[in-house]
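Undergrad: One structure follows; several queries about it will come next.
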Amino acid sequence: PEEQLELRSRGWPLGEADVRIELHPTGQEVRVVLHEEPAEGPGAVLARNPVADAAIALRNKEALRRLAALAEGGAGR
């Protein structure tokens, strides 16, 4: 419970996805890993292809960048 969060995200018009955020302590820091798996709707049908995987990877990279900014107190930048 303290190292993982599982969510169901809704992203119109692509449907829903299961999202898992994992926290891995590494000394003084915490590594955050984000997993996303399309679950329902058009996104689930289109999933598991190189284009969809690349789009998800880019979106997740941006989400992690924003999360880091919040955690480090720089959300206003």
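The values are calculated or read from the model by the stated rules, or taken from the named source; none is laboratory data. Computed from a predicted structure; not experimentally measured. Cβ atoms come from the backbone with ideal geometry, glycine included; neighbour counts cover every protein chain shown. Accessible surface areas use protein heavy atoms only, side chains included; no ligands, DNA or RNA. Shrake-Rupley method; radii C 1.70, N 1.55, O 1.52, S 1.80 Å.
Undergrad: In a GNM of the chain with a 10 Å cut-off on Cα contacts, which of Glu37, Glu22, Glu62 has the highest mean-square fluctuation?
TA: Glu62
Undergrad: How large is the charge dipole for the chain, taken about the Cα centre, if only the Cβ atoms of Lys, Arg (+1) and Asp, Glu (-1) carry charge, to the nearest 20 debye?
TA: Working: 10 positive and 13 negative charges, 76 e Å.
About 360 debye.
Undergrad: On to the next question. How much of the accessible area of the chain, probe 1.4 Å, is carbon plus sulfur, in whole percent? Don't jump to the answer; show the numbers that get you there.
TA: On the way: 3590 of 6270 Å².
It is 57 percent, rounded to a whole number.
Undergrad: Let me ask you something else. With the radius of gyration and the Kirkwood radius both derived from the Cα set of the chain, what is their ratio Rg to Rh? Intermediate values should be presented prior to the final figure.
TA: On the way: Rg = 14.1 Å, Rh = 13.8 Å.
Radius of gyration over Kirkwood radius for the chain works out to 1.02.
Undergrad: Explain nothing, just the number: dipole magnitude of segment 21-64 about its Cα centre with +1 on each Lys and Arg Cβ and -1 on each Asp and Glu Cβ, in debye rounded to the nearest 20.
TA: Working: 4 positive and 7 negative charges, 23 e Å.
Computed charge dipole of segment 21-64: roughly 120 debye.
Undergrad: With the other protein chains left in place, how much accessible area per residue, in square angstrom, belongs to segment 7-51 at a 1.4 angstrom probe?
TA: Working: 3430 Å² over 45 residues.
Here the residues of segment 7-51 average 76 Å² of exposed surface.
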